[in-house]
Amino acid sequence: MRVSLVDLYVLRGAGSSLECLTLRRAPGGRCPGSWEVVHGHIERGEAPAEAARRELREETGLTALRLYNLSRVELFYQHRQDEVALVPVFVAFVEPEDQVTLSAEHDCSEWLLVEEAGRRLAWPRERRALEDAVILLGGGSAGPVEDVLRVC
């Protein structure tokens, strides 16, 4: 087992207007046509939070206003490597007016209210993590646990 991947939920707004960015995988890659959140590998010497920020820039062109550790680690079995990946989960809040610029990895992006985003996401683990993000951060911050969860 090793920490080798990160998941990042990109949010904007708060309360009933909270939206989550969903990304559709492009043809020719892994799981074409499936909808997901920002996801990627941690590079050698990189901390998971740094990987989350980098993946956000690479996959969407966005920059986080605030980055949170969701206090959640997913397990994912990578059968080709015969390895269990530990996947720390992060949440980034971005400016509502920021424009998404997709990498070649995805061919479409949509900002969806969190309930609709949860139905759209392909992986059940993503739906569960999104529910946690709404519980902890749905008001736009982490409230009383802000100092524990906020990375920057």
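In the list R54, R44, which residue meets the criterion of being in a helix (DSSP H, G or I), more than 21 Å from G138 (Cα to Cα) and either modelled with pLDDT under 95 or open to solvent by 10 Å² or more (accessible area, probe 1.4 Å) (or both)?
Numbers: R44 fails: in a helix (DSSP H, G or I).
Going through R54, R44 in turn, just one is in a helix (DSSP H, G or I), more than 21 Å from G138 (Cα to Cα) and either modelled with pLDDT under 95 or open to solvent by 10 Å² or more (accessible area, probe 1.4 Å) (or both): R54.
How many residues does region 113-136 contain that are open to solvent by less than 10 Å² (accessible area, probe 1.4 Å) and either at pLDDT below 95 or not in a helix (DSSP H, G or I) (or both)?
Qualifying residue count, region 113-136: 1.
In the set V151, V94, which member is closer than 16 Å to L8 by Cα and modelled with pLDDT of 95 or more?
Testing whether each residue is closer than 16 Å to L8 by Cα and modelled with pLDDT of 95 or more leaves just V94.
Every residue in region 87-97 that is in contact with a strand residue (DSSP E or B) (Cβ under 8 Å, 6 or more places away or on another chain) and open to solvent by 40 Å² or more (accessible area, probe 1.4 Å), please. Lay out the reasoning, then the answer.
The initial filter retains those residues of region 87-97 that are in contact with a strand residue (DSSP E or B) (Cβ under 8 Å, 6 or more places away or on another chain), namely 87-96.
Answer for region 87-97, where residues must be in contact with a strand residue (DSSP E or B) (Cβ under 8 Å, 6 or more places away or on another chain) and open to solvent by 40 Å² or more (accessible area, probe 1.4 Å): E95, P96.
Among the residues of region 1-41, which ones are assigned to a strand (DSSP E or B), open to solvent by 70 Å² or more (accessible area, probe 1.4 Å) and in contact with a Gly (Cβ under 9 Å, 6 or more places away or on another chain)?
Result: R24, single match.
Could you grab me the full set of residues in region 57-74 that are buried (at least 19 other Cβ atoms within 10 Å of the Cβ) and part of a loop (DSSP other than H, G, I, E, B)?
Listed by number, the residues that qualify are L62, A64.
The values are calculated or read from the model by the stated rules, or taken from the named source; none is laboratory data. Treat the numbers as computed from the prediction; the structure is a model and nothing was measured. Don't worry about glycine lacking a Cβ; one is built from the backbone with ideal geometry, like all the others, and counts go over all protein chains shown. Keep in mind that these areas ignore ligands, DNA and RNA; they rest on the heavy atoms of the full protein, side chains included. Shrake-Rupley method; radii C 1.70, N 1.55, O 1.52, S 1.80 Å.
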